[in-house]
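See below for the structure under consideration.
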Amino acid sequence: MAGDELKLLGAWASPWVSRVQIALHLKGLNYEYVEEDLDNKSDLLLESNPVHKKVPVLIHDGKPICESLVIVQYIDEAFASTGPSLLPVDPYERAIARFWAAFIDDKLLVPWKQAFSGKTEEEKDQGRKQLLAAVETLEGGLMECSKGKPLFGGDSVGYLDVVLGGLLSWLHGTEALCGVELFDAGRTPLLSAWAERFGALDAAKAVLPDVGKLVEFAKMRRAQLAAAEAAAAAAAAKKN
Amino acid sequence: MAEEGKGEVKLLGLHVSPFAIRARIALRLKGVSYEYLEQDLFHKGDLLLSNPVNRKVPVLIHDGKPICESLVIVQYVDEVWAAGGDGEGTAILPADPYGRAIARFWAAYIDDKLFPALTGIMKATTEEARAEKAKETFAAVEQLEKAFAECSDGKSFFGGDSVGYVDLALGCLLPWFGAVREMFGLEIIDAAKTPLLAAWAERFGETAAAKEVLPEPDKAEYAKKLQAHWTAAAAAAAK
């Protein structure tokens, strides 16, 4: 039966999945959530996202959509008459929102990852510096987009709020995981205020994972990967 | 300085930049008149400071307002000039949300997987590293061969009957594929391995927009320019 059947393949700790869930929540859309074990991916996941084999995947009436930013825009467009609009109406404002979304994924997350799991202290330090520089630039972006209002979307939650907001639990865990405070009320007052406001939204409370639980999980995962890499390196060394 | 009238469009670009080509093809498809300003990336002019965040090309300046990031520019052009002036206003992204999602997915794939591997070939300092990046590039191209079969649905382009979003996203790299052939003898789109893409590349090259925008057919000359650009960029980065 052709309906608006929505299924989301996700993983509780994934900030990209959180983005999609927040968007669905804001739009008031019902969906079936499937928690994937990323160490043992389901056939459905592998069939739905054969290119990347990653979550999130949104399946709408049997058709899969992949990549979190693509999915969020899809939700906004396919369900244009349901709930609020996420992207602004004006093409120039849309371009600005898309620009900062790309900035977040390219310039913020890359150094974050380096600060979190860099192989040497020097690498991590470089990551931290670049991360802090990126956050300061984003502070400027928030000023530009919000025009003095509480959110990137102005008075209401918009695309960019969802894009950054999906990452919020991870961003709050930055001090514990990367050794640097991300939202410092002194350095980035607008972003610090935004983080509080966004975190207080129903959608955020319903979707975002507990920061403590996430930090514990991330540390364990990091240790697991480091151990696996060390074992692989030792095995390779033995061969030579 | 000329008075900024309504609808004044400028594009800051670089001859060797595929991203600038994306923007230029989009403007050409829509029949938009614009002033093209070739930038000197190592002596960034005032106009380039219109992109203070990344200091990169392309930058589209519409009525004095800058728009950055090639795919953001393409979508902006598609939205602002939705109904073309002189009958050239074909849609770059399709109208239906699912088609748009698929197009955006593949454009992201090109930027995240193909482009870094391709630049890796050019930047590699050892044969081993180059071979590794070539392998990644070919894997990405094979994936795009499948994508073409799916997206084109038997028609000429990823976008169907006319050039669309993914055609732009990939087509802008054709000059670099040519340069890589010149420099390293690597055939990125090999008609034997990826026949659909090889045929597509020819068709794309024959379109009016591509003929107007893509750099000169002297591949050796272009390769030299590109090589010079990378060398200078590496030197500047090393400082």
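Observations on the structure shown:
- Our compactness index for the protein assembly as shown, the C-alpha radius of gyration over the empirical 2.2 N^0.38 Å, is 0.99.
- With helices as the sole contributors, chain B gives -16500 deg cm²/dmol at 222 nm; each DSSP H run of n ≥ 4 counts as -39500 (n - 2.57), and the sum is divided by every residue.
- Relative compactness, the stretch B:8-134, computed as alpha-carbon Rg over 2.2 N^0.38 Å: 1.19
- Working value for the stretch A:1-153: equivalent-ellipsoid semi-axes of 29, 24, 11 Å, each the square root of 5 times a Cα gyration tensor eigenvalue, largest first.
- Dividing the helix sum by the residues of chain A, where each DSSP H run of 4 or more adds -39500 (n - 2.57), gives a mean residue ellipticity at 222 nm of -18000 deg cm²/dmol.
- Average accessible surface area per residue within the protein assembly as shown, 1.4 Å rolling probe, Å²: 47 Å²
- Label zone (A:Lys119, point 7 Å along Cα-to-C-beta; backbone nitrogen cut-off 19 Å) within the stretch A:218-240: A:222-240.
- Averaged over the residues of B:93-105, the number of partner chain Cβ atoms lying within 10 Å of the residue Cβ comes to 5.
- Cleavage-rule hits, chymotrypsin sites (Phe, Trp or Tyr not before Pro), the stretch A:78-145, DSSP coil, Cβ neighbours within 10 Å at most 14: none
- Summing charges over neighbours of A:Leu69, with a neighbour being any other residue whose Cβ is under 15 Å away from its Cβ, gives -2 when K and R count +1 and D and E count -1.
- Carbon plus sulfur fraction of accessible area for the protein assembly as shown, probe 1.4 Å, in percent: 54 percent
- Per-q log10 I(q)/I(0), the stretch B:138-218, q = 0.16, 0.17, 0.19, 0.20 Å⁻¹ (Debye; single scatterer per alpha-carbon; no solvent): -0.57, -0.64, -0.81, -0.90
- Solvent-accessible area buried by pairing A with B, both sides, nearest 100 square angstrom, 1.4 angstrom probe: 2100 Å²
- Springs between Cα atoms under 10 Å define the GNM used for chain A, and in it the highest mean-square fluctuation of A:Leu225, A:Leu142, A:Leu26 occurs at A:Leu225.
- Extent along principal axes [Cα atoms of the stretch A:1-65; Å; largest to smallest]: 31, 27, 16
- Under the membrane-span-like helix rule (DSSP H runs whose alpha carbons stretch at least 24 Å along the helix axis, mean Kyte-Doolittle hydropathy 0.0 or higher), chain A yields A:211-239.
- Coil-residue trypsin sites (Lys or Arg not before Pro) of the stretch A:162-233, DSSP, other Cβ within 10 Å capped at 10: none
The values are calculated or read from the model by the stated rules, or taken from the named source; none is laboratory data. Remember, predicted model here, so these are calculated numbers, not experimental data. All Cβ positions, glycine included, derive from the backbone under ideal geometry; neighbour counts span all protein chains shown. Areas reflect the complete protein model, heavy atoms only, side chains present, ligands, DNA and RNA absent. Shrake-Rupley method; radii C 1.70, N 1.55, O 1.52, S 1.80 Å.
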